[in-house]
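Since the structure comes first, as structure tokens, the remarks are kept for the end.
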Amino acid sequence: MSSAQPYIVGFSDSVHDRSACLFRGTTPLVGIEEERLTRQRYALDFAGRDRWDAAVYRELDLVGGTAGFHDARMRRLTDYCLAAAGIDESQVSLWIGSSLHTAFPFADRAVYLNHHLAHAASAFFGSGATSAAILIMDGYGDSTSGDAFETMSIYAGTEARIDTLQRVSGVRTDIHMANSAGIFYRIATLLSGFSVVDEGKAMGLAGHGEPRYQKHILEHISFGADEVEIDNDRIWRAMQPYRSTELADRADMAASFQAVLEQIGVFYARRARELTGSDTLCMAGGVALNCVANQKILEQAGFSRVWVFPAAADNGIAMGAAYYGAHVLHRGGPASGLATPCLGRGYPREQVLAALEEITGLAAVEEIGLRACAERAARRIAAGELVAWFQDGSEIGPRALGHRSLLGDPRTVDMRERINAAVKSREAFRPLAPLVLEEEAGDWFDCARSPYMLFTPDVRPRTAQLAPAIVHADGTARVQTLAEADNPALHLLLREFRRHTGLPLVINTSFNLRGEPIVETPLDAVRAFAEAPIPVLCIDGFWVTKAEGVRSEGVRSEGARSDGARSTAGGPDDPGPLGRAG
């Protein structure tokens with residue numbers, strides 16, 4: 001790497017989860033997902049199309065839009081990154097990315113990277129490992145020939161090199177891609193009563209069911225010596241008679257697909273170990289966001305370390321492309337690993353103050369600093385109140401990891417129910433994650449460091465007793481550990497909460513309202529705070545409290561959108577009896 005440390009722009013122009021980032025040499029400076037700016041989840045505009053239609057992606061797929069349309073969308077993201085660093089396009093040495101829209105963005109200047117290779121680069125270089133097996137599973141990547149597309153890839157990473165060891169392809173039959181674990185789980189999501197972008201809901205519901213349909217699914221899957229043949233079209237048609245609007249049946253459907261997905265994941269992870277002999281596995285691709293399957297891979301595939309990139313879906317492609325450009329094309333050498341996923345731009349004090357002016361009369365505002373906010377927030381959480389926490393730049397990826405979070409008391413199930421019903425307006429079965437002091441995590445969970453909420457270890461007996469709000473139905477939790485170096489202010493909050501309650505952990509869920517992405521700007525945060533029944537907002541050192549007795553009428557953004565969820569009785573938003581289960 002030259003001493004000049006070149007600027008590198010990475011981008012991803014996929015069907016969903018578009019993103020961009022900026023590196024200086026091998027160091028990520030800033031990264032952003034399109035959904036955070038457009039306020040449109042997953043950067044998908046369904047434009048009135050039916051999200052419960054399995055064929056909807058055909059209409060949204062690879063050929064939509066003009067070159068100018070895609071160029072404009074990507075420029076908004078790259079402009080965000082360049083402005084955050086205070087540079088212009090002329091200072092960028094390398095534009096590199098992946099595009100499934102026939103390479104429209106920056107076609108005159110960019111290096112284009114294979115979709116799965118970009119995923120692999122994010123996983124390997126983000127991990128900081130010097131050698132590792134790399135497993136990529138998603139819906140599909142680049143075309144391999146004709147109508148066949150990559151669905152699973154295994155690589156070996158060594159120092160600053162990534163070598164392809166195995167690729168599995170699938171051919172689209174009717175509307176479903178064969179041999180794709182990602183499409184398989186999309187089918188699971190639809191058959192469980194959710195829409196095409198609600199895989200996380202299916203995973204959450206699966207914990208409340210029994211896999212009684214598993215054998216029917218496995219009739220259309222063949223586990224060979226080195227790959228899994230998945231006939232997704234036959235699975236889709238064969239499982240139609242078992243569809244139901246009853247939540248218990250939907251939970252069993254979700255549990256059945258979840259169990260099979262875990263088998264597929266463990267199979268390919270073991271295959272990756274067989275091909276590489278490595279003790280470390282790095283993972284990315286949308287399937288790697290299934291933290292329950294990740295836990296099974298960690299426990300059963302024979303690796304001593306499993307690392308998953310926090311933006312494992314297509315929102316991480318931009319980072320992977322930039323990593324590849326920095327370490328391989330620019331010969332930057334081995335990677336030191338991702339220091340933080342909180343790569344959004346910071347917002348100046350003046351912008352925070354301007355946002356707070358929108359709630360004059362609704363709330364009292366004091367500027368007291370982050371540490372004082374942490375100490376006060378710990379006391380309020382211990383008293384049973386919910387605190388919205390906004391700090392510095394936003395996280396990249398789907399999990400709020402302490403920069404755009406809602407924090408609550410884990411000691412009662414009532415808090416979980418209040419967050420799901422009153423704040424999030426979502427199904428009561430949806431789990432909430434714990435944020436725990438890393439140095440004490442092993443006393444409460446069967447894990448050590450787990451900073452990105454991507455695994456579900458077992459909880460200790462006393463955790464189930466003392467912090468029931470974060471325990472899943474199967475006795476696990478989606479843990480986020482926090483070291484002091486990760487976030488000193490939040491680490492102080494956890495220590496203070498422990499001093500008041502004896503527990504070194506709080507509920508951590510994303511700071512957003514129903515149907516909207518995680519908040520990005522101070523104005524997004526203030527508007528969400530104004531609308532939701534949240535009494536306290538900590539925003540970049542400002543302590544904001546709603547006036548006593550004030551009702552949250554809300555200040556809606558013009559760009560805010562509903563997620564289009566159906567609310568008919570027995571439909572996807574009816575919590576049903578399982579929703580009331582602890």
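Those residues that are at positive phi and over 16 Å from the mean Cα position of the chain (by Cα), I need them from segment 40-54; list them, please.
Hits for segment 40-54 are 47, 48.
Taking the criterion of being over 24 Å from the mean Cα position of the chain (by Cα) and assigned to a strand (DSSP E or B), would at least one residue in segment 151-158 satisfy it?
So far as segment 151-158 goes, yes, one or more of its residues are over 24 Å from the mean Cα position of the chain (by Cα) and assigned to a strand (DSSP E or B).
Inspect all residues belonging to segment 306-318 and state whether any of them is out of contact with any strand residue (DSSP E or B) (no Cβ under 8 Å at 6 or more places or on another chain) and touching a residue at least 60 places away in the same chain (Cβ under 8 Å).
yes
Conditions first: (1) assigned by TED's automatic domain parsing to the domain that holds residue 333; (2) at pLDDT 95 or above; (3) in contact with a helix residue (DSSP H, G or I) (Cβ under 7 Å, 6 or more places away or on another chain); (4) not in a strand (DSSP E or B). Residue 105 passes all but one, so which condition is the exception?
So residue 105 meets the others, but not (2).
Might you let me know whether segment 311-325 holds any residue that is touching a Leu at 6+ places or on another chain (Cβ under 7 Å) and surrounded by fewer than 23 Cβ atoms within 10 Å (Cβ to Cβ)?
no
Quick test of your reading of the structure: residue 32 fulfils all but one of (1) farther than 14 Å from residue 317 by Cα; (2) of a type outside the set (Lys, Arg); (3) under 21 Å from the mean Cα position of the chain (by Cα); (4) not in a helix (DSSP H, G or I). Name the failing condition by number.
Exception for residue 32: condition (1).
Only one of 186, 212, 172 is in a strand (DSSP E or B) and more than 30 Å from residue 331 (Cα to Cα); which?
Numbers: 186 fails: in a strand (DSSP E or B); 212 fails: in a strand (DSSP E or B).
After applying the criteria, what remains is 172.
Filter segment 455-510 down to the residues that are in a loop (DSSP other than H, G, I, E, B), more than 21 Å from residue 339 (Cα to Cα), of a type in the set (Gly, Ala, Ser) and out of contact with any Lys or Arg (no Cβ under 9 Å at 6 or more places or on another chain) and list them by number.
Scanning segment 455-510 gives 473, 475, 477, 502.
The values are calculated or read from the model by the stated rules, or taken from the named source; none is laboratory data. Model, not experiment: these values are computed from the prediction. Reconstructed Cβ throughout: ideal geometry from the backbone, glycine too, with neighbour counts over all protein chains shown.
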